[in-house]
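The values are calculated or read from the model by the stated rules, or taken from the named source; none is laboratory data. Every value quoted in this text rests on a predicted model; they were computed, and no experiment measured them. Here the Cβ positions follow ideal geometry from the backbone for every residue, glycine too, while neighbour counts run over all protein chains shown.
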Amino acid sequence: MEILMNPSILARYNRPVFFYFWSITIPWFCWFLAGYLSQLPQAADYAWLQGTLGMAGLLAPIAVAAWLFAADSLLLADLKARLFTRRGLNAPIVAFTLIFPPLSIIVAMAISLAFGYSADQFVISGSPSFSSALFSPWFILLFAALVEELAWHTYGTDTLLRRFNLFTTSIIFALFWGAWHLPLATIKGYYQANLVAEGWQYGVNFLVSVFMFVFIMNWVYAKAGRNVWIAVLFHAVANISNEIFAAHPASKIIQSGLFLILAAYLLTRDRKLFFQRGSIA
């Protein structure tokens, strides 16, 4: 489902520097401070502060987006039209969103068996691979998908589409999003910190995988006519799928390869969607 975006509405998403500056500056400040606290010998004494800083950083982008929408009644009307609609939630797109993320990690784990990795990866452990001060990791996985996409795919993506095609938008956003996650690697027990502890290659893979993930999620977003909820659902399903199994980090490198194959296919198949400005709804 692709309908040309109203250029007059798109032109009003005109504060990319403000949005992206504050959406990374506030989280970086909060998360680097939380990382410092988490490394202290008396870190347990600061659990509440660490958890609060973590949540403040997570909520910063949606707060910045809310500020911008509140300042422009036409933008707010566009947002409401996208939030309170079922447009774009067709069966094929929803099915892809629900099936592809878990299928990709299952296939990746199956391939990893040929390289000597354990079949124990397929066990549904019920225990995520990371911890979080104050909040359940499962809550963080779902809540992060919700509040991130209510920023990234309300204002963040569209303000880039004002000037760039979907391909360039995806590249720029992936660079930003990878950088946005960097301070999390300093917070003891967090997913990114655990990846770095496992091996540098797994941390690098996380950053590389962000690019393919963004291309695929933006394709879903475009095909669903800028429906914000499909982006939330895709992000949430991907988060849960990668944590519900006891997947070895090496399997996630293989998964990145599968993402790359799909992203390349989508870029080839939907060249107009990715390379022509104004081609999404």
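Brief remarks follow.
- For segment 185-212, the set of residues classified as hydrophobic (A, V, I, L, M, F, W, C) and within 14 Å of the chain's Cα centre (by Cα) consists of Phe206, Leu207, Val208, Val210, Phe211, Met212, listed by residue number.
- Residues of segment 91-104 include at least one that is touching a Leu at 6+ places or on another chain (Cβ under 7 Å), at pLDDT 95 or above and hydroxyl-bearing (Ser, Thr, Tyr).
- For first residues located in segment 9-28 and free of Cβ contacts under 8 Å to residues at least 40 places away in the same chain and within 25 Å of Leu53 (Cβ to Cβ), partners that are among the small types (Gly, Ala, Ser) and buried (at least 17 other Cβ atoms within 10 Å of the Cβ) and lie 6+ apart or on another chain with Cβ distances below 7 Å form the pairs Ile26/Gly57; Ile26/Ala60.
- Qualifying residue in segment 265-280 (condition: touching a strand residue (DSSP E or B) at 6+ places or on another chain (Cβ under 7 Å), closer than 27 Å to Val94 by Cα, aliphatic (A, V, I, L, M) and modelled with pLDDT under 95): no
- Qualifying residue in segment 260-277 (condition: in contact with a helix residue (DSSP H, G or I) (Cβ under 6 Å, 6 or more places away or on another chain), more than 24 Å from Asn165 (Cβ to Cβ) and assigned to a helix (DSSP H, G or I)): no
- Considering only residues in segment 210-259 that are among the basic types (Lys, Arg) and part of a helix (DSSP H, G or I), the one that is nearest to Gly88 (Cα to Cα) turns out to be Lys223.
- The condition of being part of a helix (DSSP H, G or I), of a type outside the set (A, V, I, L, M) and surrounded by fewer than 15 Cβ atoms within 10 Å (Cβ to Cβ) holds for Pro92.
- Count of segment 35-57 residues, restricted to those that are more than 25 Å from the chain's Cα centre (by Cα), touching a residue at least 60 places away in the same chain (Cβ under 8 Å), assigned to a helix (DSSP H, G or I) and under 19 Å from Asn194 (Cβ atoms), is 2.
- If only residues of segment 85-121 that are among the small types (Gly, Ala, Ser) and touching a residue at least 12 places away in the same chain (Cβ under 8 Å) are counted, the one that is farthest from Lys223 (Cα to Cα) is Ser118.
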